[in-house]
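Take a look at the structure set out below.
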Amino acid sequence: MSNPYGYGGRPQDRPAPPPGVLPPPQAAPWQQQGPPQQYPYPPQQQPGGYPQYQQPGQYPQQQGQWAQPYYGGPGQFNGFQPQRRKSGALRLVLLGFVVVSFLGITLAVLGVMLGGSTDTTADPGVSGPSIVPTATTNPEKGSAEDYLLNSPLYQAGALQEMNCPAEKLGDGSLAAQKRYYTKLFSCLNDAWRPVFQKLGESQPDPGLVVFDKPVSTPCGAFKPLSGRVLAFYCYGNHVMYTDVLQMNKAFGPKEDLAYLMTIAHEYGHHVQGVSGLFYARAVYLQDHPAQKLESSRRNELQASCLGGVFSKAVEKSYPLTNRLKEFEYQASNSFGETEDTPEDERTHGLATSQGFWIENGFNIGETKACNTFAAPVKLVN
């Protein structure tokens with residue numbers, strides 16, 4: 001299937017937008033930013049039937065849409081489910097991820113959840129989950145599964161402590177949210193850039209669009225207050241998009257920690273793209289299509305965990321030090337599916353799971369906390 005946007009190749013190879021916060025977009029088709037790149041497909045099969053996974057810059061990817069939306073939940077939007085998205089035979093099964101809000105979890109429940117193949121490494125005084133998942137299988141070296149379980153990202157350590165005091169959200173207007181996101185986005189770039197350097201990856205900072213009018217992107221067209229989309233990251237052009245009106249409707253201008261977690265989660269998807277985890281997962285699913293939903297949950301919970309790691313880096317300056325109970329509450333009440341969500345729509349994980357991994361990333365404070373692909377199934381429900 002040809003790409004509807006007029007180019008081929010892998011999203012991470014396409015020209016990235018200028019860094020920083022972009023203005024609200026016009027409702028016009030996204031234009032090609034460079035000459036078409038053509039890659040062979042499918043990948044060469046290795047002995048044993050598994051495609052050999054290679055680092056970004058080498059592996060040819062499928063064409064299609066590449067959006068990772070974040071959704072608000074029934075507490076704000078009356079439980080309406082987003083519209084199902086259409087998919088084609090050659091499109092990746094990485095679209096339409098649903099997140100809804102539900103009740104939080106108690107420390108007693110978290111204590112029960114901590115069983116499994118994990119190491120506890122956080123300080124004794126830390127409240128909440130503090131585990132480092134460890135792989136219990138030995139996949140073929142160089143395979144996509146091997147990369148998901150043993151990515152160099154997990155050895156990158158902590159983010160440097162950031163001086164990132166929060167900007168006031170004021171009345172939650174476009175201008176106010178843009179000021180808030182501008183400062184936070186700059187901190188996210190500064191915090192993660194050294195990690196990318198450790199991984200040997202050099203890419204322009206991603207872009208950010210704060211919109212209150214319809215927007216056309218390589219990942220599809222979106223309207224303000226459409227369904228329950230709060231924000232999404234598009235691998236097609238390395239840009240995060242946040243819906244001003246939806247964020248205001250979901251949280252208002254006072255729940256700033258929800259804004260922090262939302263954009264830190266979407267930036268987590270950017271980290272997955274730069275590190276190669278997103279593409280390794282795409283390869284893995286070619287031979288394990290039955291794992292689509294569970295793999296989606298692991299992917300989304302990993303992005304949330306990475307957001308928690310960033311939150312640790314701004315704990316003192318934001319500040320979060322005196323707001324940890326509020327942080328825990330928002331983590332477990334703003335995002336996640338409910339027990340009533342149909343099995344075939346459980347793509348992001350329960351609110352309890354979202355809260356667990358956000359807090360785990362925060363408590364451990366290092367990327368090793370976020371190997372959700374090695375975590376027990378009971379922790380990625």
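Just a few scattered comments:
Quick grid of which residues meet (1) farther than 30 Å from Thr182 by Cα; (2) under 19 Å from the mean Cα position of the chain (by Cα); (3) in a loop (DSSP other than H, G, I, E, B); (4) without any contact (Cβ under 8 Å) to a residue 40 or more places away in the chain:
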position: Ser127; (1), (2), (3), (4): yes, no, yes, no
position: Thr136; (1), (2), (3), (4): yes, no, yes, no
position: Lys141; (1), (2), (3), (4): yes, no, yes, yes
position: Asp146; (1), (2), (3), (4): yes, no, no, no
position: Leu149; (1), (2), (3), (4): yes, yes, no, no
position: Tyr154; (1), (2), (3), (4): no, yes, no, no
position: Leu159; (1), (2), (3), (4): no, yes, yes, no
position: Met162; (1), (2), (3), (4): no, no, yes, no
position: Pro165; (1), (2), (3), (4): no, no, yes, no
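- Single residue of segment 182-191 satisfying the filter (under 17 Å from Glu315 (Cβ atoms) and not hydrophobic (A, V, I, L, M, F, W, C)) that is surrounded by the fewest Cβ atoms within 10 Å (Cβ to Cβ): Lys183
- Breaking point among (1) touching a helix residue (DSSP H, G or I) at 6+ places or on another chain (Cβ under 6 Å); (2) in a helix (DSSP H, G or I), for His348: (2)
- Any hit, segment 346-366, residues being surrounded by fewer than 21 Cβ atoms within 10 Å (Cβ to Cβ) and touching a Gly at 6+ places or on another chain (Cβ under 9 Å): yes
- Qualifying residue in segment 211-224 (condition: under 23 Å from Phe327 (Cα atoms) and either out of contact with any Pro (no Cβ under 7 Å at 6 or more places or on another chain) or surrounded by 21 or more Cβ atoms within 10 Å (Cβ to Cβ) (or both)): no
- Boolean, Ala331 is free of Cβ contacts under 8 Å to residues at least 12 places away in the same chain, farther than 17 Å from Pro165 by Cα, among the small types (Gly, Ala, Ser) and in a helix (DSSP H, G or I): no
- All positions within segment 131-157 that are closer than 15 Å to Leu306 by Cβ, open to solvent by 60 Å² or more (accessible area, probe 1.4 Å) and touching a Leu at 6+ places or on another chain (Cβ under 8 Å): Pro152
- Of the residues making up segment 308-328, those that are outside any loop (DSSP other than H, G, I, E, B) and open to solvent by 10 Å² or more (accessible area, probe 1.4 Å) are Lys312, Leu324, Lys325, Glu326, Glu328.
- Only one entry in Gly273, Gly307, Gly349 is in contact with a His (Cβ under 7 Å, 6 or more places away or on another chain) and within 21 Å of Leu230 (Cα to Cα), namely Gly307.
- Matching helices (runs of 4 or more DSSP H) fully within segment 236-295 where at least 3 residues are farther than 28 Å from Asn371 by Cβ and touching a helix residue (DSSP H, G or I) at 6+ places or on another chain (Cβ under 7 Å): 244-251
- Flag for Glu339 being part of a helix (DSSP H, G or I) and surrounded by fewer than 17 Cβ atoms within 10 Å (Cβ to Cβ): no
- Selection of segment 158-181 for residues being among the hydroxyl-bearing types (Ser, Thr, Tyr) and buried (at least 17 other Cβ atoms within 10 Å of the Cβ) yields Tyr180, Tyr181.
- Residue in segment 317-337 that is modelled with pLDDT under 95 and in contact with a Lys or Arg (Cβ under 6 Å, 6 or more places away or on another chain) present: yes
The values are calculated or read from the model by the stated rules, or taken from the named source; none is laboratory data. All values reported here derive from a predicted model rather than from experimental measurement. Heads up, the Cβs are rebuilt from the backbone with ideal geometry, glycines too, and the neighbour counts pull from every protein chain shown. Just so you know, the surface numbers come from the protein's heavy atoms only, side chains and all, with ligands and any DNA or RNA stripped out. Shrake-Rupley method; radii C 1.70, N 1.55, O 1.52, S 1.80 Å.
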